[in-house]
Amino acid sequence: MRAGLLNEMIKIQKPVEVETKYSGKVTEYQDYIMTKASVEHLSGRRTVSAGEIINDYSVRFKIRIYHKISPDMIIIHSGMKYRIQDINPERSKQSITITAEVINE
(Lines give C-alpha, C1' and ligand atoms only; values in the text may rest on other atoms or scores of the structure.)
Protein backbone atom coordinates (compact mmCIF):
# COMPACT_ATOMS: atom_id res chain seq x y z
CA MET A 1 0.00 0.00 0.00
CA ARG A 2 1.33 3.42 -0.94
CA ALA A 3 0.87 5.71 2.06
CA GLY A 4 0.77 8.81 -0.16
CA LEU A 5 -2.57 7.69 -1.62
CA LEU A 6 -4.22 7.82 1.82
CA ASN A 7 -4.98 11.53 1.66
CA GLU A 8 -8.54 11.81 3.05
CA MET A 9 -9.58 11.63 6.70
CA ILE A 10 -12.55 9.37 7.52
CA LYS A 11 -14.32 8.48 10.76
CA ILE A 12 -15.67 4.99 11.36
CA GLN A 13 -18.44 4.53 13.90
CA LYS A 14 -19.66 1.30 15.49
CA PRO A 15 -23.23 0.52 16.63
CA VAL A 16 -23.95 0.47 20.36
CA GLU A 17 -27.25 -0.44 22.01
CA VAL A 18 -28.33 2.23 24.48
CA GLU A 19 -31.16 1.89 26.95
CA THR A 20 -33.78 4.63 26.78
CA LYS A 21 -35.44 6.17 29.81
CA TYR A 22 -38.46 3.91 29.15
CA SER A 23 -36.32 0.71 29.37
CA GLY A 24 -36.30 0.25 25.61
CA LYS A 25 -33.16 -0.15 23.53
CA VAL A 26 -32.08 1.89 20.55
CA THR A 27 -29.00 1.62 18.37
CA GLU A 28 -26.70 4.62 18.34
CA TYR A 29 -23.31 5.00 16.70
CA GLN A 30 -20.15 5.86 18.65
CA ASP A 31 -16.83 6.96 17.22
CA TYR A 32 -14.56 3.95 16.76
CA ILE A 33 -11.53 5.20 14.80
CA MET A 34 -10.37 8.10 12.67
CA THR A 35 -7.96 7.12 9.93
CA LYS A 36 -6.55 8.15 6.59
CA ALA A 37 -8.11 6.62 3.47
CA SER A 38 -8.08 6.72 -0.27
CA VAL A 39 -11.56 7.71 -1.51
CA GLU A 40 -12.85 6.91 -5.00
CA HIS A 41 -16.30 7.75 -6.38
CA LEU A 42 -17.80 4.69 -8.11
CA SER A 43 -21.29 5.53 -9.32
CA GLY A 44 -24.18 7.85 -8.72
CA ARG A 45 -27.76 8.49 -9.68
CA ARG A 46 -30.64 10.76 -8.82
CA THR A 47 -34.12 9.37 -8.33
CA VAL A 48 -37.50 10.67 -7.24
CA SER A 49 -39.34 8.57 -4.68
CA ALA A 50 -42.58 9.64 -2.99
CA GLY A 51 -42.04 13.20 -4.19
CA GLU A 52 -38.52 13.39 -2.71
CA ILE A 53 -35.31 13.68 -4.68
CA ILE A 54 -32.84 11.04 -3.54
CA ASN A 55 -29.17 11.19 -4.48
CA ASP A 56 -27.75 7.69 -4.37
CA TYR A 57 -24.10 6.99 -4.99
CA SER A 58 -21.37 4.52 -4.13
CA VAL A 59 -17.85 5.18 -2.91
CA ARG A 60 -14.78 2.97 -2.44
CA PHE A 61 -12.55 3.55 0.58
CA LYS A 62 -9.10 1.98 0.99
CA ILE A 63 -7.59 1.86 4.46
CA ARG A 64 -4.72 0.03 6.15
CA ILE A 65 -5.28 -3.65 6.93
CA TYR A 66 -4.73 -3.49 10.70
CA HIS A 67 -8.11 -1.83 11.38
CA LYS A 68 -10.90 -4.17 12.53
CA ILE A 69 -13.97 -3.29 10.44
CA SER A 70 -17.37 -5.01 10.35
CA PRO A 71 -20.36 -4.55 7.98
CA ASP A 72 -22.61 -3.04 10.67
CA MET A 73 -20.35 0.02 11.07
CA ILE A 74 -20.80 3.32 9.22
CA ILE A 75 -18.27 5.68 7.68
CA ILE A 76 -18.39 9.48 7.88
CA HIS A 77 -16.51 11.43 5.22
CA SER A 78 -16.94 15.13 4.38
CA GLY A 79 -20.11 15.34 6.48
CA MET A 80 -21.80 12.42 4.66
CA LYS A 81 -22.66 9.05 6.23
CA TYR A 82 -22.01 5.84 4.32
CA ARG A 83 -23.39 2.33 4.88
CA ILE A 84 -20.80 -0.42 4.36
CA GLN A 85 -21.78 -2.88 1.62
CA ASP A 86 -18.60 -4.89 1.13
CA ILE A 87 -15.30 -5.39 2.94
CA ASN A 88 -12.42 -6.88 0.95
CA PRO A 89 -9.11 -7.42 2.77
CA GLU A 90 -6.15 -7.49 0.38
CA ARG A 91 -3.28 -9.03 2.35
CA SER A 92 -0.78 -8.69 -0.51
CA LYS A 93 -1.35 -4.91 -0.58
CA GLN A 94 -1.74 -4.59 3.22
CA SER A 95 -5.07 -2.80 2.72
CA ILE A 96 -8.82 -3.18 3.13
CA THR A 97 -11.11 -2.06 0.32
CA ILE A 98 -14.55 -0.99 1.55
CA THR A 99 -17.45 -0.37 -0.83
CA ALA A 100 -20.14 1.84 0.71
CA GLU A 101 -23.28 3.75 -0.28
CA VAL A 102 -24.53 7.08 1.01
CA ILE A 103 -27.19 7.00 3.71
CA ASN A 104 -30.10 9.29 2.78
CA GLU A 105 -31.53 10.77 5.96
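Every residue, every condition in (1) loosely packed, with under 10 Cβ neighbours inside 10 Å; (2) free of Cβ contacts under 8 Å to residues at least 40 places away in the same chain, yes or no:
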site: Leu5; (1), (2): no, no
site: Ile10; (1), (2): no, no
site: Pro15; (1), (2): no, no
site: Asp31; (1), (2): no, yes
site: Val39; (1), (2): no, yes
site: Gly44; (1), (2): no, yes
site: Val48; (1), (2): yes, yes
*Given (1) without any contact (Cβ under 8 Å) to a residue 40 or more places away in the chain; (2) out of contact with any Ser or Thr (no Cβ under 7 Å at 6 or more places or on another chain); (3) closer than 22 Å to Met9 by Cβ, index of the condition Ser95 fails*: (1)
*asked:* Condition (residue is open to solvent by 40 Å² or more (accessible area, probe 1.4 Å) and in contact with a Gly (Cβ under 7 Å, 6 or more places away or on another chain)) applied to segment 56-65: is it met by at least one residue?
replied: yes
*Selection status of Gln30, polar (S, T, N, Q) and touching an Asp or Glu at 6+ places or on another chain (Cβ under 7 Å)*: no
*Looking only at segment 56-77, which residues are over 12 Å from Ile10 (Cα atoms) and of a type in the set (Val, Ile, Thr)?*
Val59, Ile65, Ile69
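The values are calculated or read from the model by the stated rules, or taken from the named source; none is laboratory data. None of these values were measured; they are calculated from a predicted model. Positions of Cβ are backbone-derived with ideal geometry, glycine not excepted, and every protein chain shown enters the neighbour counts. Side chains included, ligands, DNA and RNA excluded: accessible areas come from the protein's heavy atoms. Shrake-Rupley method; radii C 1.70, N 1.55, O 1.52, S 1.80 Å.
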